[in-house]
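A.B. asks: Got a structure for you, questions after.
Readers should treat all values here as calculations from the given coordinates under stated rules, not as data from a laboratory. A quick note: this is a predicted structure, and the numbers were derived from the prediction, not measured. Here Cβ is always computed from backbone atoms with ideal geometry, including for glycine, and neighbour counts include all displayed protein chains.
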Amino acid sequence: MMFSNPLERLARLCSILGGLVMTGLMLMTCYSLIGRNFFDTALIGDFELTGVGAGAAIALFMPLCQFKRENIIVDFFTAKCSEATNFKLDRLGDLLMTLIFALLSWRCGLAAINAKETMGASMLLGFPDWIVFTSMCIPFGISAVIAAMQTLSPMDYQKAST
């Protein structure tokens, strides 16, 4: 399957990276549990790595979720609205998602800069906090760009009904 849209390719790459991170977390958790329960050895800082990885994975899944417009939509109140009204409400939702993702990206970027300057790190492993915030900043920024493109999309709602 060929993906012509560069944003779609980027969103899919982020999703694949998120899946790899989650797979790594699952393998690490299995290793830690087996070691703890059968060999009386613990993997130091496994909960720290789980928190870091889960945050990064969630952020990495967001671009594809936004690209496919698969965020939760409650259409109970708009089910009987015209297609034109639903189109306008969808564009408003896209605009709000643009603002939310841009804000998340901006704040994660500032947190990464601050963590780098203060040399913040996790308690047990000393894992640098700036890496955590950067791993979230970039996918949130990509999600903001995707949502902005969707906000400006000239999709003709009348074509959908024909």
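A.B. asks: For Ala121, enumerate residues with amide H under 5 Å from its amide H, sequence gap 5+ or separate chain, H modeled in the peptide plane.
C.D. replies: When sequence neighbours closer than 5 places are left aside, the close amide H contacts are Asp129.
A.B. asks: Next question, about the same structure. Might you report the magnitude of the Cβ-based charge dipole of the chain about its Cα centre, with Lys and Arg at +1 and Asp and Glu at -1, to the nearest 20 debye?
C.D. replies: 340 debye
A.B. asks: So for the stretch 6-161, averaging the separation of alpha carbon pairs under 8 Å that are six or more residues apart and normalising by length, what relative contact order in percent results?
C.D. replies: It rounds to 29 percent for the stretch 6-161.
A.B. asks: While we're here: At a Cα cut-off below 16 Å, give the aspartates and glutamates reachable from Lys80, other chains included and same-chain residues fewer than 8 away excluded.
C.D. replies: Once the sequence-local aspartates and glutamates are set aside, what remains near Lys80 is Asp90.
A.B. asks: A follow-up question, please. Using a 4.7 Å Cβ cut-off, which Cys residues in the chain lack a partner cysteine?
C.D. replies: Among the cysteines of the chain, those whose Cβ sits 4.7 Å or more from every other are Cys14, Cys30, Cys65, Cys81.
A.B. asks: Rank Ala79, Ala56, Ser135 by how far each Cα sits towards the positive end of the charge dipole of the stretch 6-161 (+1 on Lys, Arg Cβ; -1 on Asp, Glu Cβ) and give me just the farthest.
C.D. replies: Of Ala79, Ala56, Ser135, it is Ala79.
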